[in-house]
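*Asks:* Here you go, one structure.
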Protein chains: 2
Amino acid sequence: MLNIETTIERIREIIEDENYSQLQEELNNFHSADLAEIFPTLSADERLIAFENVDEDKAAELLEYLSPQYQVELLGEIDVEKASRIITLMPHDSAADILGDMEEDESESYLNKLPHKFSDEIRELLTYKEDTAGGLMNSIVLTVRKEMTVEEVLTYIRKEAEEDNMELYYIYVVDKHSHLLGVVSLRDLLTSHAKVKIEEIMMSDIVKLHVDDKQDHVADIFMKYQYNALPVVDLYNRLKGIITWDDVSDIVEEETTEEILQSSGITTAVVDEDEILSGNIFRAIRARAPWLFITLIGEFIAVNVADRFEFAIHALPVIAIFMPLLAGLGGNIGTQSITLMVRGLSTGQVTMNSALHHIGREMLVGLMIGLVFGLLVTLSTWGWQHHIELGVVVGLAMVVNMTLATIIGTVAPFMLKAIKIDPAVASGPVIATTIDVVGLAIYFSMVSIFLLGVLK
Amino acid sequence: MLNIETTIERIREIIEDENYSQLQEELNNFHSADLAEIFPTLSADERLIAFENVDEDKAAELLEYLSPQYQVELLGEIDVEKASRIITLMPHDSAADILGDMEEDESESYLNKLPHKFSDEIRELLTYKEDTAGGLMNSIVLTVRKEMTVEEVLTYIRKEAEEDNMELYYIYVVDKHSHLLGVVSLRDLLTSHAKVKIEEIMMSDIVKLHVDDKQDHVADIFMKYQYNALPVVDLYNRLKGIITWDDVSDIVEEETTEEILQSSGITTAVVDEDEILSGNIFRAIRARAPWLFITLIGEFIAVNVADRFEFAIHALPVIAIFMPLLAGLGGNIGTQSITLMVRGLSTGQVTMNSALHHIGREMLVGLMIGLVFGLLVTLSTWGWQHHIELGVVVGLAMVVNMTLATIIGTVAPFMLKAIKIDPAVASGPVIATTIDVVGLAIYFSMVSIFLLGVLK
């Protein structure tokens, strides 16, 4: 595989030596997906020089693999004529994405330089929101009529597919008003007799997307049905474009990132993930502060609970030092349960119907781990503080705390889902502080009853 | 879209009424991916009745979409002859996966009933480990020689693809010893002149996989290059099979699940994710206990740190009640930083080269959020406890704690990666307890210095 570190070093040296013929040879030998890994690690100046030394067709491919910030940066720095030529070499959907990320006057200046037919297609694609099926699709689709024969279709494909950079996976069958009637795979086309009519070999039960479908739904449908390409229709079942698996793979990665960031309390609803890592710092703070603020409120409740037991801490200060131990382990095992349930609900392995089964099972896991850990804590506290009653109370609190944490961590996602709140978004911080509050209350109550013989 | 709840209800009723002709009609009208969503929600008895009423070719498709436990369950319950027929209708790689999940004598009994050629292919596939490219690939590939013309290849495809249920995306070009020489897309084949030789239109720079490549590497390569299918070769570049995007989509989901579970301290190295949710409970505990145990040790260190300041708690018990607040917020913001870095390193948006940039940026985020939250904490503590010095110390500890938590959470993943430890596996629990320990030490030190005027 590509050793990226040494490759970058070499390319940097060639740029520094201004040996442009060698640079061209080196760069054009890479797969554009590899170039897309190299480019972000170069400095802006190096990146521009490198981009100018990539062949135009490779530059078009490379842009497809790069993230929006680099697409706009690179096209903006090079000659407008050359930029327009490169854009024309890209699939319509990718070209529309790039132009959609530019300021309007900037994208207009490119659109005016593009071939008329191409810019018309792009303008139509730009009317769809970027995060919908319409914004993802390529509007150039090969369509045929159901009355055509296999032979006619093959001849037609030879003529059509040559002139456009059309993606060819399935052949779509439409009527004269562009209504989608069926689909034929290239495989079926090739293996059917020349005189057979298309309607005889087409499938008419079609999995399709609607132009307004959100991109996460698009990704789910691709992951579920596992097709290479799906047609996109409008409200009247008129074929508007196709979405291919390569359009979706980026979204799958984006959705995964969102799910992972959300689990740690980073909001991706208003701030793009790229911005959180490298954009305006106030936008990054905006993505991170809301759930921290909820945690702040939750922990203030925990502080209030602890405050009610200040008399106990006053009487026996050593009890306070075990607070991090109980909170830490309760929080951890509870988070494990939350993560399992939220992820299971998202993949479909966990359903509302199986809620009781999972709650029972997690409780058992919490109890069993809690018993072992409780025993360990009892023994080590006893050995360390020479205070067996303290050891027993801390250990017992550990058992109760870990069991309760798994129960809360398991029940809460189901409850959130039942009231139509996405458990992936809201679970982590709220549940973790709930576990903290409940855990502390139980611990101090047990200390008060068993060690101090009082409960205020 | 499919409304799964009502659909299941209807199917259950039809099964209860023993109206099998209606059941057959209903079930065979569903896409097999939809059936695969319905089946796991049925009871084992209902599932078997439903499976027996699905046409054999649809049953073969359905099995491909189901998870291993249901595949083995359903095939084991039906007539062996019928099961063998259904297996023969599946692609070789899927059939091999199912048979590989069975006990050896059970899979042998099926293999002996399958057509000779088919069972030989399966036996070869079974020699590869399930989680490698060899275990994922389909060994039936259409290959041609570079001297053939486009016309000859098209005739050959018509003949070959018809008899086997072969997946047809690209045509692979090999020499007489099966060495992989190039690849031709169906599109290029269809749009080229009939008399052109294959070697003139084939691409010879081929992205390929090796039979022993691990499945997570396979998924990464598919996500990076965004091809629909990739060839798999052995050590000597002999073509052994192809992997298609639908084989990989399950793995992408599996890898995502692993990444998410790992982030909450659940080990997926020895225990399969399915087992954690619904297998043997001791296996589930084995997946969850190791990092909890590390947390236990870490929190005992935190307890020890707190113990060194028992004199401070003794002198001023109220300081103890703020421990959950500091630990909770430090832990949360630190976890956000860990998650951002670990995910960024995994997608390539964060690299070792950009480490310093991210450390600086995260520190700034931590400091800015810390300042706001510190001020809030100072004001509310002052208002609540009427003790301004206490408010200032707690607030100041909050600023330092949150800033340090982001620094530790950012630096640690880079350090782990530098010493070749996967930060996704080890980060969470270790870093979180480190943040707890450091945070407590700082808080109690500040209390001792500023409130008590001592530092033991």
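The values are calculated or read from the model by the stated rules, or taken from the named source; none is laboratory data. These numbers come from a predicted model, not from an experiment. Neighbour counts run over all protein chains shown; Cβ positions are idealised from the backbone, glycine included.
*Asks:* Where in region A:163-252 are there strands (runs of 3 or more DSSP E), lying fully within it, with 1 or more residues that are of a type in the set (S, T, N, Q)?
*Replies:* Strands (runs of 3 or more DSSP E) meeting the threshold: A:180-185, A:239-244.
*Asks:* Going by what's in this entry, would residue B:355 be described as more than 9 Å from chain A (Cβ to nearest Cβ) and either touching a residue at least 24 places away in the same chain (Cβ under 8 Å) or surrounded by 23 or more Cβ atoms within 10 Å (Cβ to Cβ) (or both)?
*Replies:* yes
*Asks:* Right, something else. For residue A:344, indicate whether it is assigned to a helix (DSSP H, G or I), surrounded by 21 or more Cβ atoms within 10 Å (Cβ to Cβ) and either within 7 Å of chain B (Cβ to nearest Cβ) or in contact (Cβ under 8 Å) with a residue 12 or more places away in the chain (or both).
*Replies:* So residue A:344 does not fit the description; no.
*Asks:* Conditions: (1) under 33 Å from the mean Cα position of the chain (by Cα); (2) over 23 Å from residue A:256 (Cα atoms); (3) surrounded by fewer than 24 Cβ atoms within 10 Å (Cβ to Cβ); (4) within 7 Å of another protein chain (Cβ to nearest Cβ). Residue B:310 meets all but one. Number of the miss?
*Replies:* Result: residue B:310 fails condition (1) only.
*Asks:* Continuing with this model, one more query. Would you confirm, using the coordinates I've provided, whether residue A:138 is at pLDDT below 90 and surrounded by fewer than 17 Cβ atoms within 10 Å (Cβ to Cβ)?
*Replies:* no
*Asks:* Moving on to the next point. Going by the conditions given, is residue B:156 crowded, with 21+ Cβ neighbours inside 10 Å and aromatic (Phe, Trp, Tyr)?
*Replies:* The answer is no for residue B:156.
*Asks:* Go through region A:274-289 and count every residue that is touching a residue at least 12 places away in the same chain (Cβ under 8 Å) and surrounded by fewer than 16 Cβ atoms within 10 Å (Cβ to Cβ).
*Replies:* The qualifying residues number 3.
*Asks:* Turning to a different aspect of this structure: Condition check: more than 24 Å from residue B:316 (Cα to Cα) and within 11 Å of chain A (Cβ to nearest Cβ). Does residue B:411 satisfy that?
*Replies:* For residue B:411, the condition - more than 24 Å from residue B:316 (Cα to Cα) and within 11 Å of chain A (Cβ to nearest Cβ) - is not met.
*Asks:* If I ask for residues that are under 15 Å from residue A:405 (Cα atoms) and more than 7 Å from chain B (Cβ to nearest Cβ), which ones from region A:313-341 would you list?
*Replies:* A:326, A:330, A:331, A:334, A:337, A:338, A:341
*Asks:* Then there's this: Mind checking which residues of region B:231-250 are under 23 Å from residue B:98 (Cβ atoms) and surrounded by 20 or more Cβ atoms within 10 Å (Cβ to Cβ)?
*Replies:* Across region B:231-250, the qualifying residues are B:232, B:240, B:241, B:242, B:243, B:244, B:245, B:246, B:247, B:248, B:249.
*Asks:* Tell me which residues, restricted to region A:36-45, are crowded, with 16+ Cβ neighbours inside 10 Å and over 23 Å from the mean Cα position of the chain (by Cα).
*Replies:* A:42
*Asks:* From the list A:319, A:294, A:285, pick out the single residue that is among the hydrophobic types (A, V, I, L, M, F, W, C), assigned by TED's automatic domain parsing to the domain that holds residue A:384 and within 25 Å of residue A:251 (Cα to Cα).
*Replies:* The conditions single out A:285.
*Asks:* Given the options B:407, B:359, B:421, B:431, name the one that is on the phi < 0 side of the Ramachandran plot and either of a type in the set (Asp, Glu) or not in a helix (DSSP H, G or I) (or both).
*Replies:* Answer to the check: B:421.
*Asks:* Residue B:75 fails exactly one of the following numbered conditions: (1) among the hydrophobic types (A, V, I, L, M, F, W, C); (2) surrounded by fewer than 13 Cβ atoms within 10 Å (Cβ to Cβ); (3) within 22 Å of residue B:250 (Cα to Cα). What is the number of that condition?
*Replies:* Against the list (1) among the hydrophobic types (A, V, I, L, M, F, W, C); (2) surrounded by fewer than 13 Cβ atoms within 10 Å (Cβ to Cβ); (3) within 22 Å of residue B:250 (Cα to Cα), residue B:75 comes up short only on (2).
*Asks:* Continuing with the same structure: Filter region B:280-294 down to residues that are of a type in the set (Lys, Arg) and at the interface with chain A (Cβ under 9 Å from one of its Cβ atoms), then give me how many there are.
*Replies:* 1
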